[in-house]
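*Asks:* Below is a structure I'd like to ask you about.
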Amino acid sequence: MNSVKKENGKPWRIIDVINWGVDYFENKSLENPRLEIEIFLQHILDCKKIDLYINFENEVSAPDLNTLKGYIKRRLGNEPSQYIVGKSNFYGRNFYVDNNVLIPRPETEILINACIEFLSMKDNPEIIDIGTGSGCIGITLAKEIPSSNVIAIDCSEKALAIADKNAKYIGIKNIDFVKSDFLKQSIDLRTDLLVSNPPYIPKEDISTLMADVKEYEPSEALTDNLDGLEFYRVFSKRFDRMIKIDGALIVEVGKDEHPLEAKKIIEQSGYANIEMIKDYNGDIRVLKVMKC
Ligand code: GLN
């Protein structure tokens, strides 16, 4: 193996690279230094996280160190590590991602759990996922509930191509992808579950986001270009027509006042059966609106 020596004459082992990366990213004020270096090493060495720590004494080759150097350079230009390696983990599975789709967020797993719990009583549930992006929500539900049928909608052709690739990679057939702009086109379908993690950041807040997000993630996946509440207005308008009796709308919401503002919009449309689901920090992340 083509090896590179450290200053002390010893080769770089996996653990040395991890320790170096944690320090380096910490100094550059990245939020999750360990996670960042782990994502890069897992991709370069084509292994799972646990393998890094089991094989921690293995030497990292010169070409691999060189590849890592290139990744770190891109990361320092604020490109998210998930776009650099082209994948992101969600609900225990890898999804292809590029800058045409939002990087799946761990919080969205709370939305998935709420959906799985809600659907556990239903046979062959029908699900519509609005703004599927990478497909992480629709695909995860289709995989976790094999008897379900999922329709996943997005306005972006490029996002749908990624989502389709993910469905094939994860190996599911019970999902169809449809190109449609939900805010502009109505959908003449009734479903047991309407689910979405819509673009909910107010346009005026975009400038306050981290550079990684605002410079690299697709803006149409982040904001409705209005007050961040437009999707909830349209969900409320279409609720009756799109959701079956005993069905539900389960949607992710943002931070601070956003969950209560979204809830108010839905309530004002006459739907009072709303459950607020919190994340591990105690923040409201999901609204579940039942149709009785
Ligand atoms: N449904 C995708 C996700 O949750 C994309 C969401 C979006 O683009 N707003 O990651």
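We did not get these values from a lab; they are worked out from the coordinates using the rules stated. Here the structure is a predicted model, which means the values were calculated and not measured. Please note: Cβ atoms are built from the backbone with ideal geometry, for glycine as well, and neighbour counts cover all protein chains shown.
*Asks:* Only bridges with both residues in the chain count here: give the DSSP antiparallel percent, nearest 5.
*Replies:* 45
*Asks:* Name the residue from 286, 151, 108 whose Cα lies farthest towards the positive end of the charge dipole of the chain, charges +1 on Cβ of Lys and Arg and -1 on Cβ of Asp and Glu.
*Replies:* Towards the positive end, the residue furthest out is 151.
*Asks:* Over the range 102-233, how many pairs of lysines fall under 19 Å by alpha carbon, counting only those 8 or more apart in sequence or from different chains?
*Replies:* For the range 102-233, the number of qualifying lysine pairs is 13.
*Asks:* Calculate one ³J(HN,Hα) per residue across the range 6-18 by plugging θ = phi - 60° into the Karplus curve 6.51 cos²θ - 1.76 cosθ + 1.60, and present them in order as whole Hz with x for glycine and proline.
*Replies:* Karplus values, whole Hz, x for Gly and Pro: 6, 4, 7, x, 8, x, 7, 9, 3, 5, 5, 5, 4.
*Asks:* For the range 157-292, restrict the atom set to alpha-carbon positions and state the Rg and Dmax in Å.
*Replies:* 15.8, 43
*Asks:* Using only helices, what value at 222 nm comes out for the chain when you add -39,500 (n - 2.57) per DSSP H run of length 4 or more and divide by the total residues, to the nearest 500 deg cm²/dmol?
*Replies:* Rounded to the nearest 500, the figure is -12500 deg cm²/dmol.
*Asks:* Percent antiparallel among DSSP beta bridges with both residues in the range 52-199, to the nearest 5?
*Replies:* In the range 52-199, DSSP labels about 20 percent of beta bridges as antiparallel.
*Asks:* Give, to the nearest whole percent, the P(r) tail of the range 203-253 beyond 14 angstrom, counting all Cα pairs. Present the calculation step by step, with values, prior to reporting the outcome.
*Replies:* Working: 782 of 1275 pairs.
Tail of the P(r) past 14 Å holds 61 percent of the pairs.
*Asks:* I've got another one for you. Suppose every K and R has +1 on its Cβ and every D and E has -1 on its Cβ; what is the size of the dipole of the range 144-245 about the Cα centre, in Debye to the nearest 20?
*Replies:* 480
*Asks:* Can you give the charge dipole size of the chain about its Cα centre, rounded to the nearest 20 debye, using +1 on the beta carbon of Lys and Arg and -1 on the beta carbon of Asp and Glu?
*Replies:* 500
*Asks:* For a quick check: with amide H placed at 1.01 Å from N, whose amide H comes under 5 Å from residue 90's, ignoring anything fewer than 5 positions away on the same chain?
*Replies:* For residue 90, the qualifying residues are 95.
*Asks:* From the phi angles alone, apply the Karplus equation (6.51, -1.76, 1.60; θ = phi - 60°) to the range 73-80 and give each ³J(HN,Hα) in whole Hz, x where the residue is Gly or Pro.
*Replies:* Calculated HN-Hα couplings, in order: 4, 5, 4, 6, x, 6, 5, x Hz.
*Asks:* Convert each backbone phi in the range 238-245 into a coupling constant with the Karplus relation 6.51 cos²θ - 1.76 cosθ + 1.60 (shift: θ = phi - 60°), then list the ³J(HN,Hα) values in order as whole Hz, x for Gly and Pro.
*Replies:* Running phi through 6.51 cos²θ - 1.76 cosθ + 1.60 with θ = phi - 60° gives 9, 3, 4, 6, 9, 10, 6, 4 Hz.
*Asks:* Looking at the range 56-107, which GluC sites (Glu not before Pro) are DSSP coil and have at most 12 other C-beta atoms within 10 Å of their C-beta?
*Replies:* Taking the range 56-107 and a limit of 12 other Cβ atoms within 10 Å, the loop GluC sites (Glu not before Pro) found are 57.
*Asks:* Run the dipole for the range 45-122 about the Cα centre, Lys and Arg Cβ at +1, Asp and Glu Cβ at -1, nothing else charged, and hand back the magnitude in debye, nearest 20.
*Replies:* 220
*Asks:* Quick check on the exposure proxy: order 290, 121 from fewest to most C-beta atoms within 10 angstrom. If you can, show how the numbers build up before the last one.
*Replies:* On the way: 290 16, 121 8.
Least to most surrounded, the residues fall as 121, 290.
*Asks:* Listing 56, 118 from the residue with the fewest other Cβ atoms within 10 Å to the one with the most, what is the order?
*Replies:* Ranked by crowding around the Cβ, least crowded first: 56, 118.
*Asks:* On the first, second and third principal axes, largest extent first, how far apart are the outermost C-alpha atoms of the range 54-171 in Å?
*Replies:* 54, 36, 24
*Asks:* Let me see the P(r) profile for the chain: every Cα-Cα distance counted, bins of 10 Å, each bin given as a percent of all pairs.
*Replies:* For the chain, the pair-distance distribution reads 6, 26, 31, 20, 11, 4, 1, 0.
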